[in-house]
1. Sort through SER86, SER80, SER9 and tell me the only one that's open to solvent by 70 Å² or more (accessible area, probe 1.4 Å) and either under 19 Å from GLY126 (Cα atoms) or not β-branched (Val, Ile, Thr) (or both).
2. Going by the conditions given, is SER80 on the phi < 0 side of the Ramachandran plot, more than 18 Å from the chain's Cα centre (by Cα) and not in a loop (DSSP other than H, G, I, E, B)?
3. Give the residue, chosen from VAL3, VAL53, VAL32, VAL42, that is over 23 Å from LEU81 (Cα atoms) and surrounded by 18 or more Cβ atoms within 10 Å (Cβ to Cβ).
4. Taking THR107 as the residue in question, decide whether it is assigned to a strand (DSSP E or B), closer than 16 Å to LYS20 by Cα, touching a residue at least 12 places away in the same chain (Cβ under 8 Å) and open to solvent by 20 Å² or more (accessible area, probe 1.4 Å).
5. So if I check each of VAL60, VAL25, VAL67, which one is touching a residue at least 12 places away in the same chain (Cβ under 8 Å), surrounded by 14 or more Cβ atoms within 10 Å (Cβ to Cβ) and outside any strand (DSSP E or B)?
6. Only residues that are surrounded by 13 or more Cβ atoms within 10 Å (Cβ to Cβ) and of a type in the set (S, T, N, Q): list them for the stretch 89-104, please.
7. Answer yes or no as to whether VAL136 is modelled with pLDDT of 75 or more, within 34 Å of the chain's Cα centre (by Cα) and more than 22 Å from VAL32 (Cα to Cα).
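The values are calculated or read from the model by the stated rules, or taken from the named source; none is laboratory data. Nothing here was measured: the structure is a model prediction, and the numbers come from that model. Quick reminder, even Gly has a Cβ in these numbers, built from the backbone with ideal geometry, and neighbours come from all protein chains shown. Heads up: the accessible areas ignore ligands, DNA and RNA and are worked out on the full protein's heavy atoms, side chains in. Shrake-Rupley method; radii C 1.70, N 1.55, O 1.52, S 1.80 Å.
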Amino acid sequence: KDVTGKVVSDKDPSHYYGGKGAIDVEKYTNGVDADTGTGPVVPVGSTVTWKYVVKNTGNVKLTNIVVKDDKEGTICTIASLNPNQSKTCTKTGAAIAGQYANLATATGKDVTGKVVSDKDPSHYYGKKGACLGNFVWEDKNANGIQDSGESGVSGAIVTLSDENGNSVKDIYGNN
């Protein structure tokens, strides 16, 4: 009440927006999300394709996003991502022998300038092995080289066998 006894009131509503920046990176090796284990088995020297899917999992826009790989270097930069928006970057390389592991990192800034980041590992196993070509011929002098006069054999079916005559599997598990 004021001095005259009249009821006086006032309102001053206040609001805030709980903005939160967040980012997620998922890395795939030849289409496999191989966070643990050996990952896909690939022939040494074959092409390995890494796919990096970066998503804004927060509720505010992210800017200046950089995707890096600890072995492959900077993969890409993304100017901005709105909430729930994602972009994909790719990188290819040649498979090396043995167990291979690398780590993707995506880093960006939210609207307040706060740095947000995420990491995701990926693996593959580079397998060495014998290699068959795509041409069969009668090797008359048994030197392993197709010489003149040694013609091709059409319709040939090749089966690889171990020392006991059992069929062996290729690196993909096929006979």
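1. Unique residue meeting the criteria: SER9.
2. Criteria met by SER80.
3. VAL42
4. Yes.
5. VAL60
6. Going through the stretch 89-104, the residues surrounded by 13 or more Cβ atoms within 10 Å (Cβ to Cβ) turn out to be 89, 91, 93, 95-96, 100-104.
Within the stretch 89-104, just ASN102 meets the criteria.
7. no
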